Amino acid sequence: MTANRRVNRFTFLLAGLVLAAVLAPASAGAIEVKKKLGGGGGAAGGARPSGPAPKNPLTPALQQKLADLVASESDAYLSQESEKKADGKEYVDLESARFIYVPRMKDGKVQVQAKLEAAEYKGKKGDPDQRGTATGKRKALVFNYRLDGDHWSEIDSPKWEDVAEKDGAKKN
């Protein structure tokens, strides 16, 4: 029963990641562009040109490969968080995580920082089916990859980071 529940949770997480990967490029905040400023006479911190969001450098196939890679590499973390939940400890609800990725160019190669962002809860010991009590914190599991041809290579090991709440935004 527990193995079946983990498989169902993994399937749900994978489906969510795939959906998020397909929808994420539609938001303007999903792409980060760094422009080199020319040596001209503009004042520091001057106005920046506005305009449409830059084109996503990742094809749908590369986005899918990235989502699949994050889903498979996050499986061990999902199991760890499920164990914490069952033990009544603080855990991050990766089953309901939001998938975010930010591509950028570095040294002529596309690099991506992919995140699984979710709320933190205090589990209820002996009742792993209940979500528990929200701690009010959000955490992100951060993955860093480089695109080599059509293959994603891990740059760093995944790391947890605290997520700052947006001003005026209250998330449950």
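Taken together, the values in this text are just the output of simple stated rules run on the coordinates, not laboratory data. Predicted model only: the values in this text are computed from it and were never measured. FYI the Cβ positions are ideal-geometry reconstructions off the backbone, even for glycines, and counts take in every protein chain you see.
Under a Cβ-Cβ cut-off of 15 Å, what is the net charge of the residues other than Gly88 that fall near it, where Lys and Arg count +1 and Asp and Glu count -1? Could the numbers behind the result be given before it?
Working: positive: Lys84, Lys85, Lys89, Lys122, Lys124, Lys125, Arg131; negative: Glu81, Glu83, Asp87, Glu90, Asp93, Glu120, Asp127, Asp129.
Net of charged neighbours comes to -1.
Inter-label distance, Asp150 to Asp87: 4.3 nm, where each label sits 7 Å from its Cα along the C-beta direction. Here the range 48-172 has an Rg and Dmax of 16.9, 56 Å, counting Cα atoms alone. Modelled label positions at Gln130 and Met105, each set 7 Å beyond Cα in the direction of Cβ, lie 5.4 nm from each other.
Placing a label point 7 Å from the Cα of Gln64 along the Cα-to-Cβ direction, the residues of the range 147-167 with a backbone N closer than 16 Å are 150-152. Note on the range 68-133: Rg/Rh from Cα positions, Kirkwood definition for Rh, rounded to two decimals, is 1.14.
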